[in-house]
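A quick write-up on the structure given underneath.
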Amino acid sequence: RVYSCADDGASAERRLGAKPHADACRSVKFSPDGGALFSAGSDRSVQRRDLETNRPVWKLRAAHASAVNVCTPLGPHGVGTGDDEGAVRVWDVRQRGAVMRFDEHSDVVHDLHFELPRLQLASCSSDGHLSV
């Protein structure tokens, strides 16, 4: 569910609701321009949903071999994802396949952070490692 909050924080209005994943939705992030939501789920899918139409504009049903635990926007056309087996993928929403693959971790990827000016993607995992 997406809510718009008043400037003073005293009230919130529901903007939209959706069930983008067959199983648990594990991660959700706004696109850099604020016009879309990226989400990732335990059903192994990743999608970008337009906030005006409340419809998916890009979706991969089997983006990973295991449940996708985290996603993060990578500029206007990209998204990074990490799964339960330690795999990290970089996607261009103008294409269907991963444009980069990293298998740096041996356990669940918990977080991803993208630094645009330097074009760096950092990931951390239950295996105790931080990868940049």
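The values are calculated or read from the model by the stated rules, or taken from the named source; none is laboratory data. If you're wondering where the values come from, they're calculated on a predicted model, not measured in any experiment. Neighbour counts are summed over all protein chains in view; Cβ atoms, including those assigned to glycine, are modelled from backbone coordinates with ideal geometry. When the accessible area is computed, the model is the full protein with side chains, heavy atoms only, and any ligands, DNA or RNA have been set aside. Shrake-Rupley method; radii C 1.70, N 1.55, O 1.52, S 1.80 Å.
A few notes on this one:
- Candidate residues 49, 26: accessible-area rank, largest first, probe 1.4 Å: 26, 49
- Whole-percent pair-distance distribution, where bins are 5 Å wide, for the alpha carbons of segment 35-96: 4, 20, 32, 26, 13, 4, 1
- For the chain, accessible area per residue (1.4 Å probe, heavy atoms of protein chains only), Å²: 58
- Relative intensity of the chain on a log10 scale, I(q)/I(0) at q = 0.15, 0.20 Å⁻¹, equals -0.69, -1.12, per a Debye sum over C-alpha point scatterers of equal strength in the absence of solvent.
- Ordering of 7-14, 92-99 by packing is 92-99, 7-14, highest average first (other Cβ atoms within 10 Å, averaged per residue).
- Karplus-based coupling profile of segment 86-101, in residue order and whole Hz: x, 7, 10, 10, 10, 10, 10, 5, 7, 10, 9, x, 5, 8, 8, 9, with θ = phi - 60° in 6.51 cos²θ - 1.76 cosθ + 1.60 and x standing for Gly or Pro.
- Shape descriptor for segment 81-132: Rg over Rh equals 0.98 (Cα atoms; Rh from the Kirkwood inverse mean 1/r).
- Near residue 103: Cβ cut-off under 15 Å, other residues only, Lys/Arg at +1 and Asp/Glu at -1. The net charge is -4.
- Taking the charge dipole of segment 80-132 about its Cα centre, with +1 at Lys and Arg Cβ atoms and -1 at Asp and Glu Cβ atoms, the residue from 87, 122, 99 reaching farthest to the positive side is 99.
- Accessible surface of the chain, 1.4 Å probe, proportion on carbon and sulfur as whole %: 48
- Over segment 1-56, relative contact order from alpha-carbon pairs under 8 Å, at least 6 apart, %: 24
- Quick note on segment 1-63: its Rg to Rh ratio, both from C-alpha atoms and Rh being the Kirkwood radius, is 1.02.
- Counted charge near residue 85, where neighbours are those whose Cβ lies closer than 9 Å (Asp, Glu -1; Lys, Arg +1): -4
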